[in-house]
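Participant: Input: one structure, supplied below.
The values are calculated or read from the model by the stated rules, or taken from the named source; none is laboratory data. The model shown is predicted, which means the values in this text are computed figures rather than measured ones. We place every Cβ from the backbone using ideal geometry, glycine too, and count neighbours over all the protein chains shown.
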Amino acid sequence: GEKTQEDISHNYAFDPRQADYYANAARYLGLVTKDDNGDEVSFSLTAEGRRVLNLRYKDRQLGLANAILRHKAFNEVLNLHLQYGEMPQRQDIVVVMKGCDLYRVEAESTYYRRSATVTSWINWILALQR
């Protein structure tokens, strides 16, 4: 069913800022939709979100990795990492991101901040093989 950010905060022991981050990350990955009825914002799983969450643990992790890598910036940064054997520098990740026409990202500071997310998510994907 639907979950509000307050539900997410409470159920998963996240502070409201974390709940917002994870809810929007899931939305970006196409796993949830955001429903804003004016008084309250809630999130619902998409068909893809339900499919991924119903998988066994390892397959679910791979499903999340797949959802991430469908996005060009993440895919390109992972390929650079695999090609050179190390994570690209932040400024190089920003160059990749700028080449991907990211939705609602214009400020240099936003690119720089989001490059940290790209790095973290790619490192998480790489850790799955361990």
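Participant: If you go through region 107-130, how many residues are modelled with pLDDT under 95 and surrounded by fewer than 11 Cβ atoms within 10 Å (Cβ to Cβ)?
Facilitator: 5
Participant: Is it the case that some residue within region 67-87 is farther than 26 Å from Glu6 by Cα and in contact (Cβ under 8 Å) with a residue 60 or more places away in the chain? Steps first, answer last, please.
Facilitator: Going residue by residue through region 67-87, those that are farther than 26 Å from Glu6 by Cα are 69-87.
With in contact (Cβ under 8 Å) with a residue 60 or more places away in the chain added as a condition, the list becomes none.
Among the residues of region 67-87, not one is farther than 26 Å from Glu6 by Cα and in contact (Cβ under 8 Å) with a residue 60 or more places away in the chain, which makes the answer no.
Participant: How about region 42-80: which of its residues are under 21 Å from Leu102 (Cβ atoms), hydrophobic (A, V, I, L, M, F, W, C) and either in contact with a Lys or Arg (Cβ under 9 Å, 6 or more places away or on another chain) or not in a helix (DSSP H, G or I) (or both)? Step through it out loud before you land on a result.
Facilitator: Applying the first criterion (under 21 Å from Leu102 (Cβ atoms)) to region 42-80 yields 46, 48, 64-80.
After this cut, where a residue has to be hydrophobic (A, V, I, L, M, F, W, C) as well, the list is 64-65, 67-69, 73-74, 77-78, 80.
Ala73 - this is the single residue of region 42-80 that is under 21 Å from Leu102 (Cβ atoms), hydrophobic (A, V, I, L, M, F, W, C) and either in contact with a Lys or Arg (Cβ under 9 Å, 6 or more places away or on another chain) or not in a helix (DSSP H, G or I) (or both).
Participant: At pLDDT below 95, surrounded by 15 or more Cβ atoms within 10 Å (Cβ to Cβ), among the aliphatic types (A, V, I, L, M) and not assigned by TED's automatic domain parsing to the domain that holds Asn123 - does that describe any residue in region 91-100?
Facilitator: Among the residues of region 91-100, not one is at pLDDT below 95, surrounded by 15 or more Cβ atoms within 10 Å (Cβ to Cβ), among the aliphatic types (A, V, I, L, M) and not assigned by TED's automatic domain parsing to the domain that holds Asn123, which makes the answer no.
Participant: Still on this structure: Gly38 fails exactly one of the following numbered conditions: (1) modelled with pLDDT of 95 or more; (2) farther than 26 Å from Ile93 by Cβ. What is the number of that condition?
Facilitator: (1)
Participant: In this structure, does Gly38 turn out to be free of Cβ contacts under 8 Å to residues at least 12 places away in the same chain and among the small types (Gly, Ala, Ser)?
Facilitator: It is true that Gly38 is free of Cβ contacts under 8 Å to residues at least 12 places away in the same chain and among the small types (Gly, Ala, Ser).
Participant: Next question, about the same structure. Please go through region 20-41 and pick out each residue that is in a strand (DSSP E or B) and surrounded by 17 or more Cβ atoms within 10 Å (Cβ to Cβ).
Facilitator: Val32 - this is the single residue of region 20-41 that is in a strand (DSSP E or B) and surrounded by 17 or more Cβ atoms within 10 Å (Cβ to Cβ).
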